[in-house]
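Asker: Next up is a structure, given as structure tokens.
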Amino acid sequence: MTEPNLSPADVSRLYRSLKRIRRFEEVTAEIYPSDKIKSPVHLAIGQEQVSVAVCDVLGAGDWVGGSYRSHAMYLAKGGSMPAMMAEMYGKDTGCCRGKGGSMHVIDVSAGVMGSSAVVATQIPVAAGYALAAKRAHAGHVVAVFFGDGASEEGCFYETLNFAALHALPILFICENNGYAIHEPIAKRRAKPDEICSVAESLGVPAHRVDDGDVFAIRRIAEDVVRRMRKGGGPALIEAKVYRWREHVGPNEDYDQGYRFEDEVVPWKRTDQVERLAAMVDDAARARIDSEIETEIADAVRFAEESPIPAAKEVFSDVYA
Amino acid sequence: MSTPDAPRPLKYVDALREAVEQEMDRDERVFVFGLDVDDHKSIQGSTRGLLQKFGSDRVFTTPLSEDAMTGIAIGAAMAGMRPIHVHIRMDFMLLCMNQLVNIAAKASYMWGGQVKVPLVVRSMIGKSWGQGAQHSQGLHSMFMHVPGLKVAAPSNAHDAKGCMIAAIRDDNPVVFMEHRLLYGTETDVPAAPFTVEPGKARICTHGDDVTIVGISNMAQEAIRAAELLAEAGVQAEVIDPIWLKPLDIDTIAASAKRTKRLLVVDNGWEMCGASAEIVAAVLESVGPEAGIRVQRMGFAATTCPTSPWLEAEFYPNPGTIAQAAWKLARPDQPDWAPSPDRTKLAYQVQFKGPF
Ligand SMILES: Cc1ncc(C[n+]2csc(CCOP(=O)(O)OP(=O)(O)O)c2C)c(N)n1
Ligand SMILES: [Mg+2]
């Protein structure tokens, strides 16, 4: 783990973002068995720091795109928490008005393009946003988040090549948690450690962070995004992380036999939420924590009290 | 005296090119990309001159990566641009299916009406001169199946221009199906921009004995069949749907209700095809009391061969269309077929090959 080399205000901002996502997902998991949430949830608990680090160096006018596992990205980029909770409840006030659920979150005003549940599909779509950003010459960038499994889809290779060829302002972020559902990467790749070299060979500079260090990821992101805004072209960050819960659903699944609890131990020991909590002074941390709890409680209340969509809405918005 | 807007004879290929050029002039968000759009052959001439006029930011080739390029087109469209993605054969669009079906078609709905995908995907059906199994498929019914997509299949130069302009201005993804054999055909086309809007079919010939719907270039073959039928005393009403989705079923149903016979001739297979859809939708809308006799025609239920002698058995032609229409219209009379030397397709008379 590296030193933050950031101001206390920066550290506490990162802490707030991390903790907010962690608690949002923990509360989601607590509500889940009640069946009020009408959507499969893919929790990012344990891997929040990637979204937090990258989104911290992005701003208004920049876009992010991701997969079905996008709660962290959405919240880190400033997506509305009540709208996402209401979406999971299937309510009319949800961010997709009850037509997307947890896997398809969107907040256009915050620069969150819709997320997609067909693995890797947002990789080229994000590059399309980056093409538009390049043509607009306003220095905006796009960041796309995807898993190690997504890096095996053909469109990952195709998009890297196109992005390099056209020097697109796009940051590829591979959140390598070592599994695609229950299949470990060693059963899927002859060379599990060579995701970065795939990118490099196509002309996309790549950086790997092995220990989940939020500051290290942020530093690299800051550096590559700064160059990208000036026309420096795409980059890739592979961040090794670990998914603490089951692939989909609220529970842990170390008893299922495809992986074992000893794998998560080192990751829990270096949990970035706890690590940053210890860097923020007690009074400030208590205030942040309580604000987060209030915000989440408000979001849950908003979702519970929101109206359900009218039946006729099933036909609206098929076409623009 | 001719005015600048007066219709003048124009080839289908030039109508396509003119439509795109005029829209690129009007709206700088429009751009054209796809394999080989900027080379000297310029997609059989349909993108000729665009690179020179608009530059390589707006007219550019791509790597051979149809899947990702479709995603990039979709993302650019969502971000406010208006891409035209070009494929020289429709068969290659199978590599685009994931993005078109799972993202483009779903985007508006799945993201609660906050995202638009103003995308045009051009592709061409190939036919003859050994195009064969993988360069000849009309896959429009696969796209018609999916809510969220629109499908245009213009059969003449006028509609090629009008549909193209309508497609570019549409805020939804449009699958734009062209036919290689129509590229050289001419019709009168207004010089000024105009649209042929989605969801309105055209009655090409009027008649009371049988309704023939012809899809894409089969509209042209059906019109030829109607001429042959007229000589035998059968008046056929030929309808060109122009847009397959949204589909103007009312115009077709009204005609079929009157003629009591409906023949749908497609540029694709019958099973689960556009012809099956049209027949079913008409019968549902008019009810059993209308007493309509129906028939589908399309690609033979086999794979497209390359040998011309086999290929002749694969496609409907004016002779087989006329023959089928006669059977529907004159069920009590002996079979009739026009003489084979009069049933050639236009390209068989003019075409010298190769593509
Ligand atoms: C194209 C496609 N194939 C298969 C699936 C089923 N599926 C859902 S998630 C997943 C695993 C993806 O793994 P990874 O990209 O590593 O992301 P993670 O879930 O680990 O975040 C699979 C195979 C899918 N949704 N889309
Ligand atoms: Mg994974």
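The values are calculated or read from the model by the stated rules, or taken from the named source; none is laboratory data. Just so it is clear, the model here is predicted, and its values are computed rather than measured. Using ideal geometry, Cβ is built from the backbone for each residue, glycine included, and neighbour counts are taken over all protein chains shown. The accessibility values were calculated without ligands, DNA or RNA, using every heavy atom of the protein model including side chains. Shrake-Rupley method; radii C 1.70, N 1.55, O 1.52, S 1.80 Å.
Asker: Compute the helix-to-body angle for B:66-78: its Cα long axis versus the longest principal axis of chain B, expressed 0 to 90° and rounded to tens.
Answerer: 70 degrees
Asker: I've got another one for you. Enter the Cα centre distance for the pair the range A:107-184 and the range B:28-99, rounded to the nearest angstrom.
Answerer: That distance is 20 Å.
Asker: Same structure again: Of all the accessible heavy-atom surface of chain A, with the other protein chains kept in place and a 1.4 Å probe, what percent is carbon and sulfur?
Answerer: Carbon with sulfur: 53 percent of the solvent-accessible area.
Asker: Now a separate question. Calculate the mean, over all residues of peptide B:58-68, of how many other protein chain Cβ atoms lie within 10 angstrom of the residue's Cβ.
Answerer: Working: counts 1, 0, 1, 0, 5, 6, 2, 8, 2, 9, 18.
That average works out to 5.
Asker: Treating only the Cβ of Lys, Arg, Asp and Glu as charged (+1, +1, -1, -1), what charge dipole size does the range A:143-260 show about its Cα centre? Round to the nearest 20 debye.
Answerer: In debye, rounded to 20, the range A:143-260 gives about 480.
Asker: Where both residues lie in chain B, what percent of DSSP beta bridges are antiparallel, nearest 5?
Answerer: On the way: 9 of 43 bridges.
Within chain B, antiparallel bridges account for around 20 percent of the total.
Asker: Considering only DSSP beta bridges with both partners in the protein assembly as shown, what is the antiparallel share in %, to the nearest 5?
Answerer: 20 percent
Asker: Classify chain B as rounded, prolate or oblate from the Cα gyration tensor: take a ≥ b ≥ c as the square roots of its eigenvalues, call it rounded if a/c is under 1.5, otherwise prolate when a/b beats b/c and oblate if not.
Answerer: Note, shape of chain B comes out prolate.
Asker: What is the mean projected area of the alpha carbon convex hull for the protein assembly as shown, to one decimal in square nanometres?
Answerer: Details: hull surface 137.0 nm².
Mean projected area of the Cα convex hull: 34.2 nm².
Asker: Run the accessible area of the range B:202-348 with a 1.4 Å probe and give the carbon-and-sulfur part as a rounded percent.
Answerer: With neighbouring chains kept in place, the figure for the range B:202-348 is 53 percent.
Asker: Given R₀ = 30 Å, FRET efficiency for A:Val318-B:Ala192 by Cβ-Cβ distance, to 0.05?
Answerer: 0.40
Asker: At 1.4 Å probe size, with every protein chain present, just tell me what the per residue accessible area of the range A:29-307 comes to in Å².
Answerer: On a per-residue basis, 36 Å².
Asker: If you don't mind, another one. What is the set of long-range amide H partners of B:Glu178 at a cut-off below 5 Å, with H atoms built 1.01 Å from backbone N?
Answerer: It is B:Ser123, B:Met124, B:Ile125, by chain and number.
Asker: Taking the Cα-to-Cβ direction at A:Ala190 and at A:Ala60 and moving 7 Å from each Cα, how far apart do the two end points lie in nm?
Answerer: 5.1 nm
Asker: What number comes out for the charge environment of A:Val142, summing +1 per Lys or Arg and -1 per Asp or Glu over other residues with Cβ under 14 Å away?
Answerer: Computed value for this residue: +3.
Asker: Specify the angular offset, from 0 to 90 degrees and rounded to the nearest 10, of the alpha carbon long axis of helix B:249-259 from the longest principal axis of the alpha carbons in chain B.
Answerer: Approximately 10 degrees, to the nearest ten.
Asker: Indicate the gyration tensor shape class of chain A (rounded, prolate or oblate), computed on the Cα atoms with a ≥ b ≥ c the square roots of the eigenvalues: a/c under 1.5 is rounded; otherwise a/b larger than b/c is prolate and the rest oblate.
Answerer: On the way: a/c = 1.31, a/b = 1.15, b/c = 1.14.
Because its axes are fairly even, with a/c under 1.5, chain A counts as rounded.
Asker: Sticking with this structure for a sec: Shielding of B:101-110 by partners, i.e. mean partner chain Cβ atoms within 10 Å per residue?
Answerer: For peptide B:101-110, the averaged partner shielding equals 6.
Asker: What residues qualify as long-range amide H neighbours of A:Ile237, i.e. H under 5 Å apart, gap of 5 or more or another chain, H built at 1.01 Å from N?
Answerer: Here A:Phe172, A:Ile173, A:Cys174, A:His207 satisfy the definition.
Asker: Cα gyration tensor of the range B:202-348, axes a ≥ b ≥ c as square roots of the eigenvalues: rounded (a/c below 1.5), prolate (a/b > b/c) or oblate?
Answerer: oblate
Asker: What spacing in nm lies between the two simple spin-label points modelled at A:Ala286 and B:Lys200, each 7 Å away from Cα in the Cβ direction?
Answerer: 7.2 nm
Asker: Over 30 Å between C-alpha atoms is what I'm after, so list which of A:Lys134/B:Lys41; A:Lys99/B:Lys245; A:Lys77/A:Lys230 land there.
Answerer: Flagged as over cut-off: nothing, all pairs pass.
Asker: If you don't mind, another one. On full extension of the chain, what length is gained from A:Leu165 through A:Ser197, given 0.36 nm per residue of separation minus the C-alpha to C-alpha distance? Could you put the intermediate results ahead of the total?
Answerer: On the way: separation 32, 0.36 × 32 = 11.52 nm, distance 1.67 nm.
Answer, rounded to one decimal: 9.8 nm.
Asker: So which helices of chain A fit the span-like rule, where a helix is a whole DSSP H run, its Cα atoms reach 18 Å or more along the axis, and its mean Kyte-Doolittle is at least 0.5?
Answerer: Values: long enough: A:8-31 (34 Å, -0.59); A:122-136 (21 Å, 0.54); A:214-229 (22 Å, 0.02); A:282-305 (34 Å, -0.49).
Helices meeting the criterion: A:122-136.
Asker: Still on this structure, I have one more. With a 10 Å radius around each residue's Cβ, average the other Cβ atoms per peptide and rank A:238-245, A:220-227, highest first.
Answerer: Going from most to least packed, we get A:238-245, A:220-227.
Asker: Based on the mean of other beta carbon atoms within 10 Å per residue, what is the order of B:277-283, B:235-241, A:86-92, B:180-186, most packed first?
Answerer: B:235-241, A:86-92, B:180-186, B:277-283
Asker: With the crude spin-label approximation of a point 7 Å out along Cα→Cβ, what separation in nm comes out for B:Met97 versus A:Glu263?
Answerer: 3.3 nm
Asker: Which residues in the range A:262-282 have a backbone N closer than 20 Å to a point placed 7 Å from the Cα of A:Glu26 along the Cα-to-Cβ line?
Answerer: A:264-282
Asker: Nearest-5 percent of antiparallel DSSP beta bridges in chain A?
Answerer: Working: 3 of 23 bridges.
Close to 15 percent.
Asker: Mind listing, in residue-number order, the residues in the range A:280-318 that have at least 50 Å² less accessible area with every protein chain present than in their own chain alone (1.4 Å probe)?
Answerer: In the range A:280-318, residues shielded by partner chains: A:Asp317, A:Val318.
Asker: What average count of beta carbons from other chains do you get within 10 Å of the Cβ of residues in A:113-126?
Answerer: Partner-chain Cβ atoms within 10 Å, mean over residues of A:113-126: 6.
Asker: Can you give me the long-range amide H partners of B:Val189? Hydrogens built in the peptide plane at 1.01 Å from N, cutoff under 5 Å, separation of 5 or more residues or another chain.
Answerer: B:Arg8, B:Leu10
Asker: Let's see if you can work this out: charge +1 on each Lys and Arg Cβ, -1 on each Asp and Glu Cβ, no other charges. What is the dipole magnitude of the protein assembly as shown about its Cα centre, in debye to the nearest 20?
Answerer: So the magnitude is around 1200 debye.
Asker: Moving on to the next point. For the range A:185-196, in order, what is each residue's ³J(HN,Hα) by Karplus, 6.51 cos²θ - 1.76 cosθ + 1.60 with θ = phi - 60°, in whole Hz (x at glycine and Pro)?
Answerer: Working through the residues one at a time gives 4, 5, 8, 10, 9, 5, 10, x, 8, 10, 4, 4 Hz.
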